[in-house]
Amino acid sequence: MTVRPSPSAPDVFDPRQYAEGVPYAAYRVLRDHHPVSWQEEPEVLGWPAGPGFWAVTRHADVVRVLKDALTYSSHLGATQIRDPDPEDLPFIRRMMLNQDPPQHGRLRRLVSRAFTPKRIDRFTALAGTRARNLFAQALETAREQDGTVDLVTAVTDDYALLNLADLLGVPERDRKLLLHWTRRVIGYQDPDESGPTVRDATGKPVNPRSPALLRDMFDYAGELAVYKRRYPADDVMTILAHDAELTAPELEMFFFLLTIAGNDSVRGAAPGGLLALAEHPHCYARLRAEEVELGPAVDELLRWHPPVLTFRRTAAVDTELAGQRIRAGDKVVVFHASANRDERVFAEPDRLDLTRSPNPHVSFGDGPHVCLGAHFARLQLRVLYRESLRALPVLRTAGPAGRLVSNFINGIKSLPVEVP
């Protein structure tokens, strides 16, 4: 009998490969042969090399890491693959995303007070009107021109941005700032999104999450909080500005987190779901015919196109995962998109099944850091897809989608479609 050696572990770090598509074939090799795989971290796109990390690709192991905050810490090295500069780490650790229980739970409870049922109901009606108007304007413009429209620039970017601005209570004149900050922080690996890389006096790239590059956003958050104390309204920043338990630095970090995560979760998921439906016209037709419900369909589209590809933890102690010894201090990175296609959990994972149940995808994470705005994001996606079904009898692409250069966000930069 011939024993075939296991294939070598493919690279899933290089952000440039994600501009061509999520490397699902490489993920499968890792799941089958190297479920906890050591990945090199070379210099890429001008960003310095790192020490390397463990890539966790099976669903069960991803969930285990996300649920075990004592072993796999968000606080020690924060939650991005690249190590922050040591002098920036105390600042970055102030963000709720980069904290461990019990401090993380305290901050989570504070911000959750702002998401009241009444506020969500009011928001749902506004989101429906907004989606309807954005589709109508996009289709009208397309018909006056060449019969095609980019759904990202014409619909989904504005939809996510304006919804977030309403929720936060950002004045209309300032709303484009939210998109500017999101693109700068989330798209830092992609020159089309971030613009020229900011460098320090030594020529080293400056982390977009550093205090130096977030100062303008934090200054704005402080000014907005002062305004909301003087002129309260029915929005999240008014609630946070009047919360006596919240310090000024904590409020700044909440504004950062809600602006970036609140915007980009929907900004990434919405066009990804529409692209999936365009590539599976029978699924789109079933939705239009109301043969399947939007609720489970949204979750399947999130499984298919998770907005976040990876999150990092740092081993707090020596441990073992899937038979692999991990030392305290090692970086441990979970791959959401791989876990969502794990054959050990999902039957026919490479088939889009809008009725899939159960559907334990990890697109919004798991454990103590499960996305605080997951319900809110699902709501926005249901509303948007419902309006797309009304506006577009057929959803057909007019060219390839443009994808973000990023090993963190599963971004769609453009989605040209035909307008009947």
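Here the spin labels are modelled as points 7 Å beyond Cα on the Cα-Cβ line, and at K67 and A25 they lie 3.4 nm apart. Scanning residues 5 or more positions from L321 or on other chains, those with amide H under 5 Å from its amide H are I326, with H placed 1.01 Å from N in the peptide plane.
Membrane-span-like helices of the chain, defined as complete DSSP H segments with a Cα extent of 18 Å or more along the helix axis and a mean Kyte hydropathy of at least -1.0, are identified as 117-144, 211-230, 248-279, 374-391. Given a 1.4 Å probe and the protein chains as shown, W54 ends up with an accessible area of around 30 Å².
What ranking do 56-62, 362-368, 115-121, 245-251 get when scored by the average of other Cβ atoms within 10 Å per residue, highest first?
Going by the mean number of other Cβ atoms within 10 Å, highest first, we get 56-62, 362-368, 245-251, 115-121.
State whether the range 358-414 is rounded, prolate or oblate according to the following rule on the C-alpha gyration tensor (a ≥ b ≥ c being the square roots of its eigenvalues): a/c under 1.5 gives rounded; otherwise a/b larger than b/c gives prolate, and the remaining case gives oblate. It is oblate, given that a/c is not under 1.5 and a/b is not larger than b/c. Full extension of the segment from E291 to V198, taken as 0.36 nm per residue of separation minus the current Cα-Cα distance, would add 28.4 nm. Among L214, L404, L309, the residue with the largest mean-square fluctuation in a Gaussian network model of the chain, with springs joining Cα atoms closer than 10 Å, is L214.
The range 241-260 and the range 139-204 have Cα centres separated by 23 Å.
When only alpha carbons are used to place a centre, the range 32-61 and the range 373-415 end up 28 Å from one another. In this structure the amide hydrogen of R403, modeled in the peptide plane, comes within under 5 Å of the amide hydrogens of K413, none closer than 5 places in sequence on its chain.
As a length-normalised measure over Cα pairs under 8 Å and 6 or more apart, the relative contact order of the chain settles at 26 percent. Given their separation in residues at 0.36 nm each and the Cα-Cα distance between them, L177 and Q103 gain 23.7 nm when the chain is fully extended.
Computed from label points 7 Å out along Cα-Cβ, the spacing between E348 and H282 is 0.8 nm.
Under 5 Å from the amide H of F53 lie the amide H atoms of Q39, each residue being 5 or more positions distant or on a separate chain, with H modelled from the backbone and absent for Pro and chain starts. Pair-distance distribution of the range 1-89: all C-alpha pairs, bin width 5 Å, starting at 0; shares per bin in whole percent are 3, 12, 18, 21, 21, 15, 7, 3, 1, 1, 0, 0.
These residues, L302, L126, go from largest to smallest accessible area, 1.4 Å probe, as L126, L302.
The values are calculated or read from the model by the stated rules, or taken from the named source; none is laboratory data. Owing to the predicted nature of the structure, the values given are computational and were not obtained by experimental measurement. Methodologically, a virtual Cβ is constructed for each residue, glycine included, from the backbone with ideal geometry; neighbour enumeration extends over all protein chains shown. Accessible surface is based on the protein model in full, side chains and every heavy atom, while ligands, DNA and RNA are left aside. Shrake-Rupley method; radii C 1.70, N 1.55, O 1.52, S 1.80 Å.
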